[in-house]
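What follows is a short report on a single structure.
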Amino acid sequence: MTPKIETKNLQLYYGAHHALKGIDFSANANTVTALIGPSGCGKSTFLRCFNRMNDLIDGCDVEGQILIDGMNINDRYLNVDELRKKVGMVFQKPNPFPKSIFENVAYGLRINGINEKKILEEKVEKALKQAALWEEVKDNLKKSAMSISGGQQQRLCIARALAVEPSLVLMDEPTSALDPISTSKVEELIYQLKEKYTILIVTHNMQQAARVSDKTAFFYIGEMIEYNDTTEIFTNPKIERTQNYITGRFG
Amino acid sequence: MTHLETELGKLKGDITGMFILVQKQLNKSIQSLLAMDKDLAREIIAAEKRVNAEELKIDRVCENIVALFNPVAVDLRLVFASFKINSHLERMGDNAKGIARYVLEMNEKFDTELIEKLQLKEMFSAANKMIDENIAAFENGDSSKARLVFEMDERVDAINFAATNIVADYIKANTDKTVHLLNLMSIIRKLERVGDLQANIAEEIIFYVDAEVLKHDKSFHNKL
């Protein structure tokens, strides 16, 4: 089986700082992979390689291959806009646009040239249902997205990412700004979404990684120290540094 | 249903499956004993490997749930109780295998009159009923059914207690069958142990459902 995403000898530099050191990684479709590790270990940098978000940082240099469906996206001639249609992203803090709930979800669709009302309505409803938000907002779609709760805003951002039907969803600490109930809803959502999407999630919450992911990668000072099934990482890690980290002995 | 609920549901299904597997082993052990069916006894010994494999699998499931989901309250009690019930059931399987081993060693059937006098079938029936009650209690989270098990265990203990004198008298009258009769006594002890294990399981179910710890609380058992 061809992996959905893969990196080969991925090196990333921020100027002189060597932030990712030869990462060889692969994940299959319809899986959730958690990236864990202490602050500054490179996990968010690694995540952002898959939608070329690091391009926006001055002095950032990426070497090696980053493959999605077998295609190397670390290519200077690649159309990054096209790439980002296929790779959705959810950030740490909910960042809805100051528009209605409906227009937030429809935004990406409109950019992609979909303007027919009926199609937009269908796709917005589908995305809100996938994000487990439909029942809570279906009667208030014209309401401002800024007026709903933080947990609802984050699920709205997930719906916005899903509306354009990406094949890969990147999540960078998607629940760190949420209360426990909203966190639990988003975690359940992640678990359900893997039926249709491949998900890569960065989290500082190790228990969250344990709860939601199939595979876990432990990063430390720019290296991927251990990558294995989540059950193995959390019951019998093979490398002492991983064990020390997940048991709270450092980091 | 949440991810954790799904995993806990699977665990409950695994434990119920283990109950049924071990109950079958026990039923077969008594059948093999009464009919002196050595083929059936061999079947029990072979199936013991499945019981052991199932125990290891359920241990692993419990470990994974604790490591991955950090269950709390009733969910945590369910995992702890399942872990211990699993171990008790495996030991019950060992007792069924132990009975089968005696059947393989013996060369003649037991005297029907003696079997009647010892109330061996009643003892087995009570042990079996205890398993049924525990399965229902565990599956439905119904601690009232688990509490019935202690009374049944008293009955099994009483039969076991009475058996010593009956067998002793029989040995005096049949000294040539001493080993054979001592083996029978060992089998009775194994059935008594099955009763104890079911009582232990009932305690775990009450812990899971009602958060009540009955272990070592003889006053509770005596009240029944």
I need every pair where a residue in the stretch A:168-183 that is of a type in the set (A, V, I, L, M, F, W, C) has its Cβ under 7 Å from the Cβ of a residue that is open to solvent by 60 Å² or more (accessible area, probe 1.4 Å), sequence separation at least 6 or different chains. A:LEU168/A:LYS86; A:ALA177/A:GLN92; A:ALA177/A:LYS93
Output the number of residues of the stretch A:173-200 satisfying the condition of being at pLDDT 90 or above and over 28 Å from A:GLU122 (Cα atoms). 1
Does at least one position in the stretch A:132-144 carry a residue that is within 14 Å of chain B (Cβ to nearest Cβ), farther than 26 Å from A:GLY248 by Cα and surrounded by fewer than 22 Cβ atoms within 10 Å (Cβ to Cβ)? yes
Tell me whether the stretch A:115-122 contains one or more residues that are open to solvent by less than 40 Å² (accessible area, probe 1.4 Å), hydrophobic (A, V, I, L, M, F, W, C) and in contact with a Lys or Arg (Cβ under 7 Å, 6 or more places away or on another chain). no
Would you point out which residue out of B:PHE124, B:PHE110, B:PHE69, B:PHE138 is within 14 Å of chain A (Cβ to nearest Cβ) and surrounded by 16 or more Cβ atoms within 10 Å (Cβ to Cβ)? B:PHE69
Filter the stretch B:1-55 for residues that are within 14 Å of another protein chain (Cβ to nearest Cβ) and open to solvent by 60 Å² or more (accessible area, probe 1.4 Å); the one that is nearest to B:VAL103 (Cα to Cα) is B:LYS10
From the residues in the stretch A:209-251 that are surrounded by fewer than 23 Cβ atoms within 10 Å (Cβ to Cβ), among the small types (Gly, Ala, Ser) and within 23 Å of A:ALA19 (Cβ to Cβ), which one is nearest to the other protein chains (Cβ to nearest Cβ)? A:GLY251
Across the stretch A:126-158, what is the total count of residues that are closer than 14 Å to A:SER100 by Cβ and not in a loop (DSSP other than H, G, I, E, B)? 9
Filter the stretch B:42-93 for residues that are in contact with a Leu (Cβ under 9 Å, 6 or more places away or on another chain) and not in a helix (DSSP H, G or I) and give the result. B:ASN70, B:PRO71
Considering each of A:VAL124, A:VAL186 in turn, give the residue that is within 14 Å of another protein chain (Cβ to nearest Cβ) and either touching a residue at least 40 places away in the same chain (Cβ under 8 Å) or β-branched (Val, Ile, Thr) (or both). A:VAL186
Does B:GLU203 satisfy the criteria of being surrounded by 20 or more Cβ atoms within 10 Å (Cβ to Cβ), of a type in the set (Asp, Glu) and part of a helix (DSSP H, G or I)? yes
Somewhere in the stretch B:79-90, is a residue crowded, with 17+ Cβ neighbours inside 10 Å and under 30 Å from B:ASN165 (Cβ atoms)? yes
Residue list for the stretch A:12-47, restricted to those being surrounded by fewer than 16 Cβ atoms within 10 Å (Cβ to Cβ) and in contact with a Lys or Arg (Cβ under 7 Å, 6 or more places away or on another chain): A:ASP24, A:ASN28, A:ASN30
Count of the stretch A:194-207 residues which are in contact (Cβ under 8 Å) with a residue 12 or more places away in the chain, within 14 Å of chain B (Cβ to nearest Cβ) and surrounded by fewer than 22 Cβ atoms within 10 Å (Cβ to Cβ): 4
Can you find even one residue in the stretch B:27-43 that is free of Cβ contacts under 8 Å to residues at least 12 places away in the same chain and more than 26 Å from B:MET130 (Cα to Cα)? yes
Scan the stretch A:77-121 for residues that are part of a loop (DSSP other than H, G, I, E, B) and touching a residue at least 24 places away in the same chain (Cβ under 8 Å) and report the count. 11
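The values are calculated or read from the model by the stated rules, or taken from the named source; none is laboratory data. Only a predicted model underlies this, so the values are computations on that prediction, with no experimental measurement involved. Heads up, the Cβs are rebuilt from the backbone with ideal geometry, glycines too, and the neighbour counts pull from every protein chain shown. To get the accessible areas, we keep the full protein, side chains included, count just its heavy atoms, and leave off ligands, DNA and RNA. Shrake-Rupley method; radii C 1.70, N 1.55, O 1.52, S 1.80 Å.
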